[in-house]
Amino acid sequence: MTAEGRAASVQIERVTHRYGAMAALSDIDLTIGQGEFVTFLGPSGCGKTTLLRIIAGFLRPSEGRVLLQGADVTAVPPHKRPVNTVFQRPSLFPHLDVGENVAFSLRLAKTPEPEIKRRVADALALVRLPGYERRASHELSGGQMQRVALARVLVARPRVLLLDEPLSALDLAIRLEMEEELRRVHREVGATFLYVTHDQREALALSDRVAVFNRGRIEQIDRPERVYRRPATPFVARFVGDANVVPVDVTRAGGGETSIAIGSERILRRFPQSPEPGPAWLVLRPEALLLSEAAPRAPGIPGIVRDFAYRGSGYAYRIAVAGLGEMLKAEVPAVESGPFAIGAPVDLAWDISACLFLRRREG
Amino acid sequence: MTPGTSRRRDPVLLSFPAAMGFLLLLAVPLAVFLAYSFMTAGLFTVSPPFTFDAYARALGYGLNGILALNSIVIGLLAAAATVVLALPVAYWLRYCAGRWQMPCLFIITGSMFASYLVRIYAWRTILGTRGVFNQGLEALGVIDEPVGFLLYNRFSVTLALVHIFLPYVVLVLFAGFRPLAPAFLESAQDLGANAWQRWRRVILPVMAAPAATSFLFVFILSAADYVTPQLIGGTSGQMLGVQVQANFKAVGDWPQGAAISILMLLAFVACYGVTLLGLRLRRLDRIRWVN
Amino acid sequence: MESTLRSPFSGAITIASLVFLIAPLAVVVLFSFHETASLAFPFTGFSLRWYRAVFASPSFLNATLNSLIVASVSAIATLVLGVMAAFGLSRSSSALRGPLALLFFLPITLPGLFLGLALLVFFSRIALKLSLVTVTLGHIVYVFPYFLLIAKAALDRMDSALEDVAADLGASPWQVFWRVTLPQIRPVVIGATSLAFALSFDEFVITFFVIGSQSTLPLYIWSSMRRTIDPSINTISTLLMLVTLVMFAVAFALTIRKDGMRAEVGR
């Protein structure tokens, strides 16, 4: 049972996987409910694809168990699991036309011919390629091939569908279109979708929950809004959405106020989130920063504009703050008065309830 | 073509010297050979008038029919055994070999160039009554006396032919496996196919064309062989090629030798045509790969 | 990936096939060093007596020399004609390419029996006496398609834009070929020539019909096989295999490693 009371569809228990001495996955514990859309998000080499392949059955984990609908399938080979995978490359069988490709799993199960015809037509209609049965695979575009690959796995009515970066080989425009398709198909089919990607925008747009992977561990798994607004670790903060993750020192001053040392600057405020004293990370989203002209009694901290880029919707600035090693990123909507010039002194302020403090270990 | 370059003469001209040579040494001789099959036979010579006699003799001579049948049987057996053996080897080389791929390829292609005659000689020594095989069986206590049925029959001829053609077929099938990326096999397994089903529904259809053409290649070259049967065929392992060779070198009936050869050639072309047609009908003759 | 592709069955067949291919040849080589005239186990001891006997035989030396000459001439003729033809077929857009390719590759599909006989009949018709010359001509026809296959593939793989650039910079067609194309394909061409040599050196089926009173090494083995039963045939065979193997190793090293014959495992 998951937290929301759904039946458990996929359970990962204490899964560790090693390649030689290196651990690709360390002690992963995960429960995914029936019908959920969960994304494994992370950079290359973080273990997300390894976990997916373990769930699919192409890898045996060094330690731990995999359960599907409550049954232990750790030792079960891929073709016997009620799971199907959509890969990065569609890999449509070149000697079969579209219809036969989609019908592949049904023919293996010796489904009667009329039912095959019906289900293939339904699957192709579901991915919006009706009537494509007799087309040859090499006549299709990249997006169409991937849709046929999707129909090919959906026709088997799996309860769990694994998707391994299925859109990364497609052009951006097709990719956005396919994302909508995937969300729609997920709603219509009701299966559990496990999606792997390194594209955090995609993860936020598609998922019920996002699991952020780093070096073989899950750093956070939560709804997209919470992962974005309340990242649990500096890594998640940096990886999901662009963030400034600034090393600061927190000291309690008197009267409920807290003093934050940022580089060589200091600010003194009553922070509603009452950060713990000591070393911390200050997480600031670039769009939360407010820039104004430097002035003696400006509310924020002083900085100098080092670079900016025009983004259509606004400007992306890089601001240097005294004593800070990295420059801060700020995103500001375009205004008539035009951008701040390079080298201009500015004042950096932000809504203090919109920032986040995370514990930092020294060293 | 980059603007500014002028190709004054098409490069195909460079191939003309070789083409001349080939017309003279291949096309013309084959034409003459065809003509000979219609000539009247003398002793080691031919003369006009043109006649169908040679074909009548070729088709009428009972021994020719028996030898033809033998050639077909041995050819089919050799081709089948070679392809059936070569498929798993090519599969292993493609998907499982890892760092052993290069060394194994070297061994296999290297053995391809061990002389034809040397191979036949090798099998003659091994399969003989005093050969390694018999000695091994005696040493293991399986038999008391050497067995004679290993040599000078269809079995030894087929075995030697498989030994000769196996490396070539492995290479052709290995090349055929190349575009079949592991992703396709994984997709098939993901969709529920076990190992046998993956072979039947994905690997074999894709490999049908290279497998069929190599089968044909081995069949044709085996059925037309005259050296192997002469050296290790005994009585039951004789083949039509020997008869042709005998007609030319011993008997002196060149038109009949030519007639038999032309008939064999026609049969081979027919086999080739039928196979291509079969592949085309199942749309397996040319696989278009996109991924 | 691992579980899908693994096949211990195929691995076993591969090992069995490798043994099947090599063991008989190894036995031949082994007994060429046999102390006695026996071709049966047990193997009593090593000796070079058969090698000494064979090298003392004038007919053997004569046959070997003939084979070397024929193979060298065939290889060189094939090299010259073949490189030109490969270039012609690869770089041309003429409609003649199809028929020409058909003509050139025909010998591969034709059993040697028919090639040999057709040549025999032709030489007899034009009253050309059978000799090493006729043998060489036959070998060239036999070997040429193999050379062409390799050389043309190398030219196809090569980026012909290099040639366009050279021409654009002022090189004549001959200079383009000599300074740009040839250096690119040189290793493959040498390898293919080496292969041509090996194929010619080994050739028997066609030679049998078109040779005169002389002998080549394979023909010498043939007549020995019908006469003697002693390890001298093993010796000659070993020597023959050695020459072929060396030429083949050269060919392999120069052609296959450069090309995409190696499918990366797992890709």
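Quick note: the coordinates plus some simple rules give every number you see, no bench work behind them. From a predicted model like this one, the values you see are computed outputs, not experimental measurements. Here Cβ is always computed from backbone atoms with ideal geometry, including for glycine, and neighbour counts include all displayed protein chains.
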Fill in: For the range A:145-219 and the range C:1-32, distance of Cα centres in Å
44
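List the longest stretch of chain B that has no exposed loop site; here a site is one of the chymotrypsin sites (Phe, Trp or Tyr not before Pro) assigned by DSSP to anything other than H, G, I, E or B, with at most 16 other Cβ within 10 Å.
On the way: sites that count: B:PHE44, B:PHE50, B:PHE52, B:TYR61, B:PHE149, B:TRP289.
With chymotrypsin sites (Phe, Trp or Tyr not before Pro) excluded where exposed in loops, chain B gives B:150-288 as its longest stretch.
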Worksheet entry | Most positive-pole-ward Cα, A:PRO275, B:THR129, A:GLY343, against dipole of the protein assembly as shown from beta carbon charges | B:THR129
Worksheet item: When the helix-only estimate is applied to the protein assembly as shown (DSSP H runs of n ≥ 4, each -39,500 (n - 2.57), divided by the residue count), what is the mean residue ellipticity at 222 nm, nearest 500 deg cm²/dmol?
Response: -16000 deg cm²/dmol
Discussion item. For a quick check: with amide H placed at 1.01 Å from N, whose amide H comes under 5 Å from A:GLY314's, ignoring anything fewer than 5 positions away on the same chain?
Written reply: A:ALA334
Fill in: Virtual spin-label span in nm between B:ALA250 and B:ALA35, 7 Å along Cα→Cβ
3.0
Item to complete: Rounded to whole Hz and in sequence order, give me ³J(HN,Hα) for the range B:156-167 from the Karplus expression 6.51 cos²θ - 1.76 cosθ + 1.60, θ = phi - 60°, writing x for Gly and Pro.
Response: 5, 5, 4, 4, 5, 5, 4, 4, 6, 9, 3, x
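Can you pull out the chymotrypsin sites (Phe, Trp or Tyr not before Pro) in the range C:1-95 that DSSP calls coil and that have at most 14 other Cβ atoms within 10 Å?
Numbers: sites: C:PHE9, C:PHE20, C:PHE31, C:PHE33, C:PHE43, C:PHE46, C:TRP50, C:TYR51, C:PHE55, C:PHE60, C:PHE87; in loops: C:PHE33, C:PHE43.
Sparse-neighbourhood loop chymotrypsin sites (Phe, Trp or Tyr not before Pro): C:PHE43.
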Fill in: About the Cα centre, charge dipole magnitude for the protein assembly as shown (Lys/Arg +1, Asp/Glu -1 at Cβ), debye
660
Worksheet item: In nm², what is the average projected area of the convex hull enclosing the Cα atoms of the range A:8-238?
Response: 12.7
Discussion item. With the cut-off at 1.5 for a/c, could you classify the range A:242-359 from its C-alpha gyration tensor as rounded, prolate or oblate?
Written reply: prolate
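Counting pairwise Cα distances across the range A:1-98, what percent come out greater than 24 angstrom?
On the way: 1257 of 4753 pairs.
Roughly 26 percent, rounded to a whole number.
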Worksheet entry | Viscosity 0.692 mPa s, temperature 37 °C, Stokes-Einstein D of the protein assembly as shown from Kirkwood C-alpha radius, µm²/s | 98
Worksheet, complete the sentence: Counting only residues 5 or more apart in sequence or on a different chain, those whose built amide H sits under 5 Å from that of C:SER38 are none
Worksheet item: Under a straight-distance cross-link criterion of Cα-Cα below 26 Å, which lysines are reachable from A:LYS48, leaving out those fewer than 8 residues away in the same chain?
Response: A:LYS80
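What trypsin sites (Lys or Arg not before Pro) in the range C:87-156 are in a loop by DSSP, with at most 13 other Cβ atoms within 10 Å of the Cβ?
Working: sites: C:ARG91, C:ARG97, C:ARG125, C:LYS129, C:LYS152; in loops: C:LYS129.
Sites meeting the loop and neighbour criteria: C:LYS129.
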Worksheet entry | Calculated from backbone phi, Karplus (6.51, -1.76, 1.60) coupling profile of the range A:62-68 in Hz, x at Gly/Pro | 4, 9, x, 10, 10, 10, 10
Worksheet entry | For the range A:171-188, Karplus couplings with θ = phi - 60° (6.51, -1.76, 1.60), whole Hz, Gly/Pro x | 5, 4, 4, 5, 4, 4, 4, 5, 4, 4, 4, 4, 4, 5, 4, 4, 5, 6
Practice prompt. Go through C:LEU239, C:VAL73, C:PRO58 and say which Cα lies farthest out towards the positive end of the charge dipole of the range C:57-258; charges sit on Cβ, +1 for Lys and Arg, -1 for Asp and Glu.
Written response: C:PRO58
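Provide the FRET efficiency to the nearest 0.05 for the A:ARG187-A:ASP122 pair, computing r from the beta carbons and using R0 = 22 Å. Display every interim value, and only then the final one.
Numbers: r = 16 Å, r/R0 = 0.72.
After rounding to 0.05, the efficiency reads 0.90.
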Item to complete: Excluding residues on the same chain fewer than 8 positions from C:LYS152, give the aspartates and glutamates whose Cα lies under 20 Å from its Cα.
Response: B:ASP10, C:GLU163, C:ASP164, C:ASP259
Item to complete: Determine the dipole magnitude for the range A:95-156: charges of +1 sit on the beta-carbon of Lys and Arg, -1 on that of Asp and Glu, nothing else is charged, the reference point is the Cα centre, and the result goes in debye to the nearest 20.
Response: 120
Worksheet item: How large, in Å, is chain C by the Kirkwood hydrodynamic radius built from its alpha-carbon pairs?
Response: 21.4
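Please sort by residue number the trypsin sites (Lys or Arg not before Pro) in the range A:39-111 whose DSSP state is loop and whose Cβ has at most 15 other Cβ atoms within 10 Å.
A:LYS110
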Worksheet item: Taking chain B as a Gaussian network, where each spring joins two C-alpha atoms under 10 Å apart, which residue of B:VAL32, B:VAL83, B:VAL162 fluctuates the most?
Response: B:VAL32
Worksheet entry | the range B:102-236 - Rg over Rh from alpha carbon coordinates, Kirkwood radius | 1.10
Discussion item. Between the range A:288-338 and the range C:50-106, how far is it from one alpha carbon centroid to the other, in angstrom?
Written reply: 76
Discussion item. For A:GLN220, what residues show an amide H to amide H distance below 5 Å, using hydrogens built from the backbone and excluding near sequence neighbours?
Written reply: A:VAL212
Practice prompt. May I ask which residue of A:ALA23, A:PHE235, A:SER207 lies farthest towards the positive end of the charge dipole of the range A:8-238, with charges of +1 (Lys, Arg) and -1 (Asp, Glu) on Cβ and the Cα centre as origin?
Written response: A:ALA23
